[in-house]
Every structure is written in C-alpha cells, then in structure tokens.
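Everything below concerns the one structure shown next.
The values are calculated or read from the model by the stated rules, or taken from the named source; none is laboratory data. Nothing here was measured: the structure is a model prediction, and the numbers come from that model. Note that we place each Cβ from the backbone using ideal geometry, even for glycine, and neighbour counts take in every protein chain shown.
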2 protein chains.
Amino acid sequence: MVKVVAQNTMVPEKVEEAIRLYQELVAKTRQEKGCIKYELFQDVKDPSILAVIEEWESQEALDMHMKTEHFTRIVPMLNEFKVSSNLNIYKKII
Amino acid sequence: MVKVVAQNTMVPEKVEEAIRLYQELVAKTRQEKGCIKYELFQDVKDPSILAVIEEWESQEALDMHMKTEHFTRIVPMLNEFKVSSNLNIYKKII
C-alpha cells in the first residue's frame, strides 16, 4: 500500500474555485483501478490549506493515476491557484 | 470526523529509536475512545521523515488524546529526536 499526502496552500480567493475543480478530480480518480482512498481535506485553522490524502494499492497504480486524462488536465489548472505545495509518498510502518 | 497529519523530520541516526517509541504510542492510542485510525508512515524517499496520520471521531476525542499518560510521556521523548515538525488538523470536504 502507498499513502500520499499532497498538501497545497492556495491563493485565498481561489479556494472555492479550486474545490470545484477537485470535485471532478476526486470523482474520476475514485473510479481508477488500484485507488483505495482519495479524499480532500481542508485545514480547520487555515482554510487556504487543502490536502488530498490518498491510498493506492501500489506505486504502479499511483504512476498510472498521474498519466490519466483527468489528472493531466485538472492538476495544471489547480497549480495556477497554488501558493506552495508539499507532496509526500509514504509506506506504512506501524 | 477529524483528520490529523503530524509530519516530523527526525535526526537520521535517531529514526530507529523513534520508531520504537512510536510502537508504544500507536498501540496505546488505538485503544482510546474516539480513535478511528492512528498509523505511522515513513517517507519512501527520505526515511528521516515520519508521519502519523490519524482519524478521530471528534475534536474532543483528539483533545483527550493529548492529555493521556502515554501521549504526555512519549511525545516529549520523540521531540528530542525531531529536526522539525508540521501538524495539520483537517476536516473532510470531499
């Protein structure tokens, strides 16, 4: 299992528009082979911080995800609304 | 539901010792009321980055967790091995 935390700080005025873009990204990604979980979260103290927390069956499934039509189309649009981002790929140890 | 990502960069030589401390913290926390998930992850590219990804029934359950004997004893020991840390508390939006 591969866990991903993709944390993004958005331009504050663009958060709502970003969430609308995420709606489609989340819905389509959840239908992908190898996708166990794909959820969007918002920081309770700073609403401009959004995080996608993901669970994939394998690194291969995650690699395939990043080549899909919806990923390669929607992520560049989201990037225009980002101030900064952090991506971590994890393995579970406990 | 409350989601927590507690990401910590550890002193590289202290990672194994930190994981041993986390063993007890994870085991005891999973027995707490209101704890849905409490898992330890390690970054696949940088093994000095550890992250606890948590799910709690409520903010109250999370507040109680931070007052437990195991939390108040083990977390200060872990802090001595940390170079930096980031804590985010999230609500699920999609």
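Name the residues in the stretch B:75-94 that are under 16 Å from B:Lys14 (Cβ atoms) and either in a loop (DSSP other than H, G, I, E, B) or facing another protein chain (nearest Cβ under 8 Å) (or both), would you? Break it down into steps so the answer makes sense when it comes.
First, pick out the residues of the stretch B:75-94 that are under 16 Å from B:Lys14 (Cβ atoms): B:75-85.
Scanning the stretch B:75-94 gives B:Glu80, B:Phe81.
Within the stretch A:59-74, is even one residue within 14 Å of chain B (Cβ to nearest Cβ), touching a residue at least 12 places away in the same chain (Cβ under 8 Å) and closer than 22 Å to B:Lys37 by Cα?
Within the stretch A:59-74, none of the residues are within 14 Å of chain B (Cβ to nearest Cβ), touching a residue at least 12 places away in the same chain (Cβ under 8 Å) and closer than 22 Å to B:Lys37 by Cα.
Could you list, in sequence order, all residues of the stretch B:44-56 that are among the acidic types (Asp, Glu) and either assigned to a helix (DSSP H, G or I) or under 14 Å from the mean Cα position of the chain (by Cα) (or both)? Working first, answer last.
Just the residues of the stretch B:44-56 that are among the acidic types (Asp, Glu), to begin with: B:46, B:54-55.
Residues satisfying the conditions are B:Glu54, B:Glu55.
If you go through the stretch A:30-41 one residue at a time, how many are outside any strand (DSSP E or B), surrounded by fewer than 16 Cβ atoms within 10 Å (Cβ to Cβ) and in contact (Cβ under 8 Å) with a residue 24 or more places away in the chain?
Within the stretch A:30-41, the first condition is being outside any strand (DSSP E or B), and the residues that meet it are A:30-34.
Next, only the ones that are surrounded by fewer than 16 Cβ atoms within 10 Å (Cβ to Cβ) stay: A:30-31, A:33.
Of the ones still in play, those that are also in contact (Cβ under 8 Å) with a residue 24 or more places away in the chain are A:33.
Result for the stretch A:30-41: 1.
What residue, of B:Val5, B:Val15, B:Val44, is surrounded by 14 or more Cβ atoms within 10 Å (Cβ to Cβ), without any contact (Cβ under 8 Å) to a residue 12 or more places away in the chain and within 27 Å of A:Ser85 (Cα to Cα)?
Working: B:Val5 fails: without any contact (Cβ under 8 Å) to a residue 12 or more places away in the chain; B:Val15 fails: without any contact (Cβ under 8 Å) to a residue 12 or more places away in the chain.
Going through B:Val5, B:Val15, B:Val44 in turn, the sole match is B:Val44.
Check A:Val4, A:Val26 and return the single one that is assigned to a helix (DSSP H, G or I), of a type in the set (Val, Ile, Thr), within 13 Å of chain B (Cβ to nearest Cβ) and closer than 29 Å to B:Arg30 by Cβ.
Details: A:Val4 fails: assigned to a helix (DSSP H, G or I).
Every option except A:Val26 fails the conditions.
Which residue out of A:Lys33, A:Lys37 is away from chain B (no Cβ under 14 Å) and modelled with pLDDT of 95 or more? Quick ask: steps written out before the conclusion?
Numbers: A:Lys37 fails: away from chain B (no Cβ under 14 Å).
Only one candidate passes the filter, namely A:Lys33.
Count, please, the residues in the stretch B:57-81 that happen to be within 21 Å of A:Ala51 (Cβ to Cβ), surrounded by 13 or more Cβ atoms within 10 Å (Cβ to Cβ) and more than 12 Å from the chain's Cα centre (by Cα).
3
Taking the stated definitions as given, is A:Ala27 out of contact with any strand residue (DSSP E or B) (no Cβ under 6 Å at 6 or more places or on another chain), modelled with pLDDT of 95 or more and surrounded by fewer than 19 Cβ atoms within 10 Å (Cβ to Cβ)?
Working: out of contact with any strand residue (DSSP E or B) (no Cβ under 6 Å at 6 or more places or on another chain): yes; modelled with pLDDT of 95 or more: yes; surrounded by fewer than 19 Cβ atoms within 10 Å (Cβ to Cβ): yes.
In short, yes.
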